[in-house]
Structures are given as C-alpha cells and as structure tokens.
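The values are calculated or read from the model by the stated rules, or taken from the named source; none is laboratory data. Given the structure is predicted, the values throughout are model-derived calculations rather than measurements. Virtual Cβ from ideal backbone geometry, glycine too; neighbours counted across all protein chains shown.
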C-alpha cells in the first residue's frame, strides 16, 4: 500500500511542478512515506525516483517549507550510499542552501548535518570534488557567522565536524582550510567557547589532518599555534580526545626534526616534555570517539629517531586501538605492514624502553588475535 501511495505522490509532484501547495504537501508526504518503517517495501528504483523528485523540488522552490521537507526526506536515506548516484548534484544544492544570505536556522542545521554525512564515509576523490565546489569555504563562512553571533550550536559543531571529515587524507582540502583563514577561526572559537568539549574535539581532529600533510606543517610552526597546541595537551575535554589530537599535531611537527624549529619560546624540548607527560597520563584502555580508515599517517612516525616522543605517541595510539577494538584494528594494522615497522622500533637504539615495551604488546595483541579471531573476551 505504501509503495502505491509513494508512486502517486511522485506522479503528482512531477505533474504539478509549479503548484506551490501541491509541492508543500507532497514533499511532506514523501518524508512520512520514506521513513524506516516502510523501507523494506521499497525497491532501489523507487527510492531513487524519490531522490530525483526531492532534488527537483530543491532546485525549483526556494520556499522554506519545501526546502525543509526535502532536506528532512533526504535524512530518511542511507547516506552516502543511497545518494551516491546523485552525489555531485545533492552537494551543490546543499551548499546553495547554506549560502549566508539564507538564514532559516532549522534548514541550515539539517543541511549541515547532511553535508557532514555525505563526506564522512566516501573516498578521497569524492572529497576533493566537493572541496572544489566550495565546501570548505561554505563551512568556514557558517562558523564565522556563528562567531559573530557568539553562538556555539549544532550548526557550529556540525560545520567543524564536516571540515574534519572532508580533510581526512585529502591534502587539497587541508590547504584550502589554511588559505580560507581557518586557523584564525580555530583560535577565535577556542577563545570564545572555552568549555565546548565536542567543538574542541572536532577542531583538533581537523588540525590533526592538516598536520599529516608535510608541505603544510610549516604554517603550523608559529609561536602562537605551538603555544596553543601545547596548552591543549593538558585538556581533559571529551576524555582524552582533545589532548590526544593536540599531541598528534605536535607529533607530526616534531617528526620534521629540530632544524625546522626556529623559535626560542616555547622550546622544542619543553614541548616534547609536555607531550611525554600527557601520553603517560592517558588510560590506555580508554574507549575512543574516533575512527581510523588507515593507520598510514601513524605508521610513518614509527621507524625514525629524530623524535622519540612522536614514535611513542604513535605506538600508544596503536596499542590503545588494537587493545580496545581488536577485531577492527588488528587486521588493519597487519594489512598495512605495521608489524614490520613495530619490529624496527625494537631495533632502534633511540627508541625509549617504554616505547619498545608497548610495541611488543601491540605485536602480541595482533598475534593473539590471529590465533583466535573469534575470542571476544579480550
């Protein structure tokens, strides 16, 4: 029955493209007819027809109610999977909705949520394409507006989260963030909202992505930024997440060696001491609010002697993840050649003893997992 109703609504919306009352009522009906309760009855073809009609409505009607209904309907679909066949188009429409001139708060919130979901689990080519559409600039404009209003709401937090996702292993988007005044907005948000834990986590996660790009790291190596990252090592916000990500940013900077550290204050040795202290304060059994698709950025910090503290941070990160989430991260570490690199940590004279001890534990954890991958007691 639901399928028949859905077909009738689709036909009505296609037939009466320019009848505002039908578009408002029909777009609301689509929202109710596509929710989870009816999903199993609907074919892929039918659900794609709904998406097409929704996007047509978004293109043709700037009216607030139609736009809101259309955005809410898109939330009923598996994102990004069900929207991938219209990926470019849906992103363009959402970015248009988020132009600063359009100030309807409820639509803005839903559109930012959709943007975030669309860039969360897609490949880097998709992320680069969306970056070229103006995604990074649009999110930063939203953040700028919220700062002017002195408001840290869901739009602010989702915007930073979306930037964190779209910069993941995507250097072009990281560069765009820096070019669009992103670092100053980061500092302003820290100052304006010192107690917003999720905001801090999202911002530091994003800066971790920027710090992974060697060509961009010199732009982070200033007295002001290093002082801020160093202070955030002491943060207890969101468990260990803010401190962990601040340490990750510094770990990549330290990895470039002492020659690039030209400032007198804070000294490189002082910051490294703070990093050691922070890592030792974390509980290695902490459950994490983070998702790694690849360990490559962490693994490159292992076989080196110019920054033992960076090596220690990387080893701690691996030990935490393979201990707490063995079924997810042991296979990933093995697949990406992590065991060989951990063996090199053991062979390097410059590696600290506690780093070596932890490296052995990571290797043992993966070995035990391979022997009995079905054992869920660990």
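Helices (runs of 4 or more DSSP H) fully within region 1-75 that include at least 2 residues being more than 30 Å from the chain's Cα centre (by Cα) and farther than 27 Å from residue 88 by Cβ: 2-15, 20-33. If the condition is being touching a helix residue (DSSP H, G or I) at 6+ places or on another chain (Cβ under 7 Å) and either part of a loop (DSSP other than H, G, I, E, B) or more than 24 Å from residue 340 (Cα to Cα) (or both), then region 272-281 contributes 272, 274, 275, 276, 278.
Inspect region 318-330 for any residue being at pLDDT 95 or above, part of a helix (DSSP H, G or I) and farther than 28 Å from residue 162 by Cα and give the result as yes or no. Yes; the residues of region 318-330 include at least one that is at pLDDT 95 or above, part of a helix (DSSP H, G or I) and farther than 28 Å from residue 162 by Cα. Each residue in region 172-189 was checked for being free of Cβ contacts under 8 Å to residues at least 40 places away in the same chain and either more than 18 Å from residue 243 (Cβ to Cβ) or surrounded by fewer than 18 Cβ atoms within 10 Å (Cβ to Cβ) (or both), and 2 of them qualify. Please determine whether any residue of region 235-249 is within 29 Å of residue 120 (Cα to Cα), over 18 Å from the mean Cα position of the chain (by Cα) and in a loop (DSSP other than H, G, I, E, B). Within region 235-249, one or more residues are within 29 Å of residue 120 (Cα to Cα), over 18 Å from the mean Cα position of the chain (by Cα) and in a loop (DSSP other than H, G, I, E, B). Considering 345, 309, 362, 324, the condition of being out of contact with any helix residue (DSSP H, G or I) (no Cβ under 8 Å at 6 or more places or on another chain), touching a residue at least 12 places away in the same chain (Cβ under 8 Å) and surrounded by 15 or more Cβ atoms within 10 Å (Cβ to Cβ) is satisfied by 324 alone. Is there a residue being free of Cβ contacts under 8 Å to residues at least 24 places away in the same chain and under 15 Å from the mean Cα position of the chain (by Cα) anywhere in region 115-132? Yes, that holds for at least one residue.
The residues on offer are 114, 178, 142, and the sole one that is in a helix (DSSP H, G or I), more than 14 Å from residue 98 (Cα to Cα) and in contact with a helix residue (DSSP H, G or I) (Cβ under 6 Å, 6 or more places away or on another chain) is 178.
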